[in-house]
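**Q** What follows is a structure written as structure tokens; I'll ask about it next.
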């Protein structure tokens, strides 16, 4: 009865997802399987369409995926996938059961073993109908490293007699490389070292690994080298980018990042889940939430306590007291609260929260005037969130903030161009702990150490692999339920120990599950060890209660847990922490601040940090060229950079660009247009960006919907007329016929002291080269305005030519009348 209730709940939730059109990945697999299984016509259609099937990484296949594959590869109409008669030559599978490490994603090693057995049986019964080949040559690792892997994993990875499918037999590898020499380093603590707590062992291990990395990179004695075909003799000392720290999970990962920071080792922590829990992401979400609903006092307080404003509880209390006192004077007892209204700042209040509150109120007043991505970008820059990350040396943090802007752009394009739904989406993502790829700030040439989980590193390789946190235990909670999909059965256990209920088959199912989970942990160690090309580093730091992978290695390497010995298979060298060069420690200076001047000191340090974070080369936006000099980044960059370069004529109420309003030394120029003209220009740019050049009417409908979503329905007729006229222009006719068309083409060029960045509204390639088009929504531009616009297009042309691409022509396309204005590019 309990299972029936649970099944009804699951089926009801699935029906609701289908009704709402929000299917999960698992739903898609399930419906695809059902379609193939229940509809013979569909099955036959896809069999004809896909004559051959190749499945890579087959060991990671889950039951639904395997069933889909078998239904497509069968030549009969089976009742179930096990009844499928495979057509010879139709199915090609590639996999390594020793690398099956995705049980949490329903990957089933039983299915791999069962299908492999079917192939072997078919090959024996009807030679030529099937074949199983074993690939044993290792092209990645040095010979001594391959020898170590064979010696260790022949013991660690061995079948279980009671559950033969839980673990495959180990197949020895054969090294292809011929460069011999030690390849495994065991890093042991100093003799006599010991720890009672796991965090103490991890802290010492992290510090030792930071020292080891520095010594390897600085090594010039040739003891530790990596292969490099471009280096003299084909080998060189390791660089930071050659090193990867692998961990089983991210628990206590901050101990390792702190040690790397302290030692000055550059690194990048590749994350995934937890993206929305990064402090800079939470700060941005808190500020956006407050701006979305200025009446939400909790959100406003969270925004004030975020990193850009750093309001303390004492400061908030003083503001509340000031509100109460002002209310008493005015005959309005009580306090005004923390809503972003005028009353939040009582008359005469000049405390530290005045500036932050005025900043938030100013930003809240602008949210209706800008598209969502431009507004989010403005908020991040006006609050200096980006500079705060850069001042702390957190390139990743700054890049993660840029991801939020990109997500806002995606949300506006695919969902709705409005702040409130986007804020709700951010909140949903955070609560659900959904995975989000962090910014890919590390490229091949970035000289940084990578920190990855073993699952993230699967399929990758590195010259030097350090297997950190080897003593960490697996993340295994007590199994409350165990599912047997073949039998269609769920066994479970509920209740506290003294009143526990379990189904009759629960104990056996749990024991089986434990065997399979333990076998997968050993395969996880194998995957980690086989990521290394030249060196595998194994730090031997553990407590008696936390052994983790060390318990597995101890089975293959007797004496491994004896810290007084130097134990290892062939190709191993042992280092003690005391043998490593010491990491220079910064001098410690006692700092005793004067309580009276503490806040002023903090303000000075904070301002200096912001200045350092914003310092950089001169930054030039093409819409700002043609003046005496470049814009200086510290004074004006946060405002100027927030202006969407695709909307250079988007001016504020006072006639200046929104991004530069208030910047006394701004170098930007814009025609004196009002708010309505600004909104019309932005809508036209967005409409042309989204337009289908082959379907003008659909493009008009799209921009009309966009205007309704932004509350600008009064502009529909005017914008629709201009959009139709622009889409009918000869220039866009040429774009329709072009071999390549790019919209909002991003361009960035740099020299020693200047960075230029911009977006070309439209670029299309003709036989003579690229044609650049910049949209302008001015009704009657002055000669000065046109000259400025021409300089902008010439700058775009010079930036694109700097990449080696030919530029044939440039145009200003005035959307008000469809007029095309050729720009002399070499003037």
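**Q** Is one or more of the residues making up region 552-559 touching a strand residue (DSSP E or B) at 6+ places or on another chain (Cβ under 9 Å), assigned to a strand (DSSP E or B) and modelled with pLDDT under 95?
**A** No: region 552-559 contains no residue that is touching a strand residue (DSSP E or B) at 6+ places or on another chain (Cβ under 9 Å), assigned to a strand (DSSP E or B) and modelled with pLDDT under 95.
**Q** Moving on. Just to be sure I understand, how many residues within region 236-260 are without any contact (Cβ under 8 Å) to a residue 24 or more places away in the chain, more than 19 Å from the chain's Cα centre (by Cα) and not in a strand (DSSP E or B)?
**A** Of the residues in region 236-260, 1 are without any contact (Cβ under 8 Å) to a residue 24 or more places away in the chain, more than 19 Å from the chain's Cα centre (by Cα) and not in a strand (DSSP E or B).
**Q** Next up: Take residue 220 and decide whether it is without any contact (Cβ under 8 Å) to a residue 24 or more places away in the chain, more than 20 Å from the chain's Cα centre (by Cα) and closer than 21 Å to residue 575 by Cβ.
**A** yes
**Q** Looking at (1) within 37 Å of the chain's Cα centre (by Cα); (2) part of a loop (DSSP other than H, G, I, E, B); (3) modelled with pLDDT under 90, find the lone condition where residue 744 falls short.
**A** Of everything listed in (1) within 37 Å of the chain's Cα centre (by Cα); (2) part of a loop (DSSP other than H, G, I, E, B); (3) modelled with pLDDT under 90, residue 744 misses just condition (2).
**Q** Residues in region 731-741: is at least one surrounded by 20 or more Cβ atoms within 10 Å (Cβ to Cβ), in a strand (DSSP E or B) and either touching a strand residue (DSSP E or B) at 6+ places or on another chain (Cβ under 6 Å) or not assigned by TED's automatic domain parsing to the domain that holds residue 694 (or both)?
**A** No - not one qualifying residue is present in region 731-741.
**Q** Quick check on region 809-827: of everything there that is under 15 Å from residue 735 (Cα atoms) and more than 41 Å from the chain's Cα centre (by Cα), which residue is surrounded by the most Cβ atoms within 10 Å (Cβ to Cβ)?
**A** Per the stated criteria, the residue is 818.
**Q** Scan region 148-165 and tell me whether some residue there is under 33 Å from the mean Cα position of the chain (by Cα) and more than 30 Å from residue 464 (Cβ to Cβ). Reasoning before the result, please.
**A** Applying the first criterion (under 33 Å from the mean Cα position of the chain (by Cα)) to region 148-165 yields 149.
From what is left, the residues that are more than 30 Å from residue 464 (Cβ to Cβ) are none.
Within region 148-165, not a single residue is under 33 Å from the mean Cα position of the chain (by Cα) and more than 30 Å from residue 464 (Cβ to Cβ).
**Q** Would you check which residues across region 467-511 are closer than 20 Å to residue 552 by Cα, outside any loop (DSSP other than H, G, I, E, B) and touching a helix residue (DSSP H, G or I) at 6+ places or on another chain (Cβ under 6 Å) and list them?
**A** Correct list: 467 only.
**Q** Name the single residue, out of those in region 520-537 being out of contact with any helix residue (DSSP H, G or I) (no Cβ under 7 Å at 6 or more places or on another chain) and surrounded by fewer than 22 Cβ atoms within 10 Å (Cβ to Cβ), that is farthest from residue 462 (Cα to Cα).
**A** This residue is 521.
**Q** Okay, next question. Does residue 510 meet the test of being exposed (fewer than 12 other Cβ atoms within 10 Å of the Cβ), farther than 30 Å from residue 235 by Cα and outside the structural domain of residue 186 (by TED's automatic domain parsing)? Step through it out loud before you land on a result.
**A** Numbers: exposed (fewer than 12 other Cβ atoms within 10 Å of the Cβ): no; farther than 30 Å from residue 235 by Cα: yes; outside the structural domain of residue 186 (by TED's automatic domain parsing): yes.
For residue 510, the condition - exposed (fewer than 12 other Cβ atoms within 10 Å of the Cβ), farther than 30 Å from residue 235 by Cα and outside the structural domain of residue 186 (by TED's automatic domain parsing) - is not met.
**Q** All but one of (1) surrounded by fewer than 18 Cβ atoms within 10 Å (Cβ to Cβ); (2) at pLDDT 85 or above; (3) in a loop (DSSP other than H, G, I, E, B) hold for residue 295; which doesn't?
**A** (2)
**Q** Just to be sure before I move on: is residue 781 under 21 Å from residue 816 (Cα atoms) and in contact (Cβ under 8 Å) with a residue 12 or more places away in the chain in the structure I sent?
**A** Judged against the criteria, residue 781 is a match.
**Q** Quick check on region 783-800. Is at least one of its residues surrounded by 13 or more Cβ atoms within 10 Å (Cβ to Cβ), at negative phi, touching a helix residue (DSSP H, G or I) at 6+ places or on another chain (Cβ under 7 Å) and at pLDDT below 90?
**A** no
**Q** Name the residues in region 405-433 that are over 23 Å from residue 293 (Cβ atoms) and either in contact with a strand residue (DSSP E or B) (Cβ under 8 Å, 6 or more places away or on another chain) or modelled with pLDDT under 80 (or both), would you?
**A** 413, 414, 433
**Q** Would you confirm whether or not region 179-197 contains a residue that is part of a helix (DSSP H, G or I) and either modelled with pLDDT of 95 or more or under 35 Å from the mean Cα position of the chain (by Cα) (or both)? First the steps, then the outcome.
**A** Initially, region 179-197 is screened for residues part of a helix (DSSP H, G or I), giving none.
Checked against the condition, which is being part of a helix (DSSP H, G or I) and either modelled with pLDDT of 95 or more or under 35 Å from the mean Cα position of the chain (by Cα) (or both), region 179-197 yields no hits at all.
**Q** Ok, one more. Residue 707 fails exactly one of the following numbered conditions: (1) part of a helix (DSSP H, G or I); (2) within 23 Å of residue 820 (Cα to Cα). What is the number of that condition?
**A** That leaves (2) as the condition not met.
**Q** Right, another one. Does region 265-289 hold any residues that are buried (at least 18 other Cβ atoms within 10 Å of the Cβ) and closer than 26 Å to residue 605 by Cβ, and which are they?
**A** 265, 267, 278, 280, 281, 283, 284, 286, 287
**Q** Evaluate the following for residue 694: is it touching a helix residue (DSSP H, G or I) at 6+ places or on another chain (Cβ under 7 Å), modelled with pLDDT under 90, in a loop (DSSP other than H, G, I, E, B) and surrounded by 14 or more Cβ atoms within 10 Å (Cβ to Cβ)?
**A** So residue 694 fails the test.
The values are calculated or read from the model by the stated rules, or taken from the named source; none is laboratory data. Note that the structure is predicted; figures quoted are calculated from it, not measured. Glycine also receives a Cβ, built like all others from the backbone with ideal geometry; neighbour counts cover every protein chain displayed.
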